[in-house]
1. How many percent of Cα pairs in the stretch 89-151 exceed 14 Å?
2. So what is log10(I(q)/I(0)) for the stretch 14-172 at q = 0.09, 0.11 1/Å, when the Debye sum runs over its Cα atoms only?
3. Among DSSP beta bridges whose residues both lie in the chain, state the antiparallel percentage, nearest 5.
4. With an 8 Å Cα cut-off and a minimum separation of 6 or more residues, compute the relative contact order for the chain in percent.
5. Does anything in the stretch 83-105 have its amide N under 13 Å from the 7 Å Cα→Cβ label point of Arg29, and if so which residues?
6. As a test of the formula, what do you get for the chain when each DSSP H run with n ≥ 4 contributes -39,500 (n - 2.57) and the sum is divided by the residue count, at 222 nm and rounded to the nearest 500 deg cm²/dmol?
7. Let's see if you can work this out: charge +1 on each Lys and Arg Cβ, -1 on each Asp and Glu Cβ, no other charges. What is the dipole magnitude of the chain about its Cα centre, in debye to the nearest 20?
8. Could I have the simple spin-label model distance between Leu60 and Tyr154, label points 7 Å from Cα toward Cβ, reported in nm to one decimal?
Amino acid sequence: MRRVLVVVAVLGLPSCASAAKAPPAVRERAPVMMFVGDSFTVGSGPVPPWRSYATQAARLLGGQPIIAGAAGTGFCNEGRAGRTFQRSYEEELAWRPAPDLLVIAGGHNDRRWSPEQVRGAAASLLAQVRAHWPRTRTVVIGPLWMGKPPKKAYAVRDAVAQAARAGKVTFLDPMRESWPEEAILPDGVHPTLAGHRSLATWLAAELA
């Protein structure tokens, strides 16, 4: 019995190497956005940290938020947490890899200190950040007031703005904005969830 060897050549079929599945597309890394602040930033009352303006602004910009700080704190004020913004930065953020953006927001709780003290504390924090994370974009937000600010708040605002300008970082002034009544909690100080949404929309537009 004869054996017949049949060779079939199929043209156009890919080789084994080319037929292998292509590697999955690598997803672009979401920018890391860190925030240091007081109760406005970390959340207060019925608004938890994951629904604060900082977190919502990061989401609007497609970023990954990391929130640090504590209620009642400031550039000078240690509050009940027993630490200033600089300490919050050192203990909660500085040990992490450098973020794409750092937002330092506050001054609301620093009215008992002189403008010179506030400016000095803000300048010290900014200098530390610049030395530790020289390539990180840094933005400073002045005191947040949902209602009419007291006169002392303007002095604090100006002191923080001066430190930001001296440190060559962007300064944003929320005291120039006006917020609707439904944005303010009954305590007359802190924002409602709707207020946080308004703040987030404003901040995302400024950062963009």
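1. 62 percent
2. With one equal scatterer per Cα and no solvent, log10 I(q)/I(0) is -0.32, -0.44.
3. Numbers: 1 of 19 bridges.
Beta bridges within the chain, antiparallel portion: roughly 5 percent.
4. 20 percent
5. Counting only backbone N, you get 97-101.
6. Values: 7 runs with 69 residues, N = 208.
Computed ellipticity for the chain at 222 nm equals -9500 deg cm²/dmol.
7. In debye, rounded to 20, the chain gives about 840.
8. Each label point is offset 7 Å from its Cα along the Cβ direction, giving 2.7 nm.
The values are calculated or read from the model by the stated rules, or taken from the named source; none is laboratory data. Note that the structure is predicted; figures quoted are calculated from it, not measured. Cβ sites come from the backbone with ideal geometry, for glycine too, and all protein chains shown count toward neighbours. For accessibility, only protein heavy atoms count, side chains too; no ligands or nucleic acids. Shrake-Rupley method; radii C 1.70, N 1.55, O 1.52, S 1.80 Å.
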